[in-house]
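The values are calculated or read from the model by the stated rules, or taken from the named source; none is laboratory data. Note that the structure is a prediction, hence the values are computed from the model and not measured. Methodologically, a virtual Cβ is constructed for each residue, glycine included, from the backbone with ideal geometry; neighbour enumeration extends over all protein chains shown. Surface accessibility is based on the protein's heavy atoms, side chains included, excluding ligands, DNA and RNA. Shrake-Rupley method; radii C 1.70, N 1.55, O 1.52, S 1.80 Å.
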Amino acid sequence: LNNKPPLPDERVEEIIKSLVYVFEVEKIYRNDALTLNVLADRLTIPSHQLSWIINNRIGKTFSTLLNHYRVEEVKKGLVDPLNSNQSILEIAFNAGFNTKSSFNKTFKNFTGKTPRDYRSGNGS
């Protein structure tokens with residue numbers, strides 16, 4: 001495995017800041033068609049460099065990073081009283097998941113609970 005950065009450290013830090021911004025402020029993960037290439041284009045860097053930064057500096061794979069943000073949004077949505085009339089699936093699709101099966105599997109992997117159990121237990 002090559003751990004030598006493909007870019008100068010300052011540039012890597014800039015990209016990480018941009019990455020955090022597009023995830024936390026723009027909520028780019030809500031795009032159910034988001035791929036590493038789409039994200040790399042958005043950040044105007046080659047996808048192999050972005051992949052290296054996510055893997056080596058953030059310590060996750062692209063899909064783990066993406067699913068982390070999506071699951072966190074769903075968790076908030078499930079316990080928000082304003083969403084009590086929304087179905088679990090609506091909340092999941094709004095967070096960027098595009099199939100019920102991948103959502104259920106991913107949610108359970110991240111939280112150890114089914115979405116229904118999470119909602120009924122108010123997240124605890």
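List of remarks:
- Rg(Cα) / (2.2 N^0.38 Å) computed for segment 34-90, rounded to two decimals: 1.46
- Heavy atoms of L7: accessible area, 1.4 Å probe, square angstrom to 10: 30
- Each Cα pair under 8 Å and six or more residues apart adds its separation to the average, and for the chain the resulting relative contact order is 23 percent.
- Local charge for I16 was computed over the other residues whose Cβ lies under 13 Å away, with Lys and Arg +1 and Asp and Glu -1, and equals -1.
- Between helix 9-24 and the chain: long-axis angle, C-alpha atoms, 0 to 90°, nearest 10: 20
- 26 Å tail of the calculated P(r), the chain, as % of Cα pairs: 28
- Gained length - A33 relative to S47, 0.36 nm times residue gap less alpha-carbon distance: 3.5 nm
- Helix 100-111 and the longest principal axis of the C-alpha atoms of the chain enclose an angle of approximately 80°.
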